[in-house]
Amino acid sequence: MNSGNANACTGEQGIADAREMIALAAAQAGVASEEVAVASTGIIGRPLPMATIAAGIRQLVILAVLPDFRRPFLTTDLVEKNQVIQTEIAGHTVTMAGCAKGSGMIHPNMATMLAFATTDVAIAPSLLQSLLRKLTEVTFNQITVDGDTSTNDMVLVLANGQAGNPPIEENTFAYKQFSKKCYRQS
């Protein structure tokens, strides 16, 4: 994730730059490129300073601690926005964590907000995506500050399934419990 430059309205060069960031980050983290997502926020229409970004990515130490992740991507935000919650599902403690950036230009449908959520719950990707869509409509997409819009907004959710719970299935008690907990804490 980079801030200060939205990598929007930059055409084919912007796409190439995003792909390069993915490849570099994947190599640095030792994961497949399909496991890397790119998010950018900032000035629109300016090409990314790829030499600087590439050098920064090569120096990254991959951190799994939320406080180390949330601070660097603040731009005009005045405070960090984050939450960590736990609940029991099928006798297993599951954790959900999230952070977001965005200040002003938050209308309609998230606008310049970038939001990231993680969980260790076991749930199929398609079911998690469906739940994210439903919850986004009644949470993030209800926010308005000043009526401005932006090219860059996203909410990303990742689940690694390491909580040990049986995989959550739609229309089960575990699904209702998980979605209710996510919604109440949104």
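The values are calculated or read from the model by the stated rules, or taken from the named source; none is laboratory data. Everything numeric here is computed off the predicted structure, so don't read it as measured data. Ideal geometry is used to build each Cβ from the backbone, glycine not excepted, and the neighbour counts take in all protein chains shown. Ligands, DNA and RNA are excluded from the accessible area calculation, which covers all protein heavy atoms including side chains. Shrake-Rupley method; radii C 1.70, N 1.55, O 1.52, S 1.80 Å.
Just name the residue that is modelled with the lowest pLDDT out of those in region 172-186 that are of a type outside the set (S, T, Y) and open to solvent by 90 Å² or more (accessible area, probe 1.4 Å).
Filtering region 172-186 down to residues of a type outside the set (S, T, Y) leaves 173-174, 176-178, 180-182, 184-185.
Still in the list and also open to solvent by 90 Å² or more (accessible area, probe 1.4 Å): 173, 176, 180, 184.
Details: F173: 93, K176: 91, K180: 86, R184: 66.
Of everything passing the filter in region 172-186, R184 is modelled with the lowest pLDDT.
Can you tell me how many residues in region 142-171 are modelled with pLDDT of 90 or more, of a type in the set (S, T, N, Q), open to solvent by 50 Å² or more (accessible area, probe 1.4 Å) and at negative phi?
Qualifying residue count, region 142-171: 2.
Considering only residues that are crowded, with 18+ Cβ neighbours inside 10 Å and part of a loop (DSSP other than H, G, I, E, B), look in region 90-119 and name the one that is modelled with the highest pLDDT.
M113
Which residues, taken from region 6-37, are open to solvent by 50 Å² or more (accessible area, probe 1.4 Å) and either polar (S, T, N, Q) or not in a helix (DSSP H, G or I) (or both)?
Hits for region 6-37 are C9, Q13, Q28, G30, V31, S33, A37.
Mind listing just one residue for me: the one in region 66-89 that is assigned to a loop (DSSP other than H, G, I, E, B) and among the aliphatic types (A, V, I, L, M) and, of those, modelled with the highest pLDDT?
Kept after step one, since they are assigned to a loop (DSSP other than H, G, I, E, B), are these residues of region 66-89: 71-80.
Still in the list and also among the aliphatic types (A, V, I, L, M): 74, 78-79.
Values: L74: 63, L78: 69, V79: 73.
Only one residue tops the list, namely V79.
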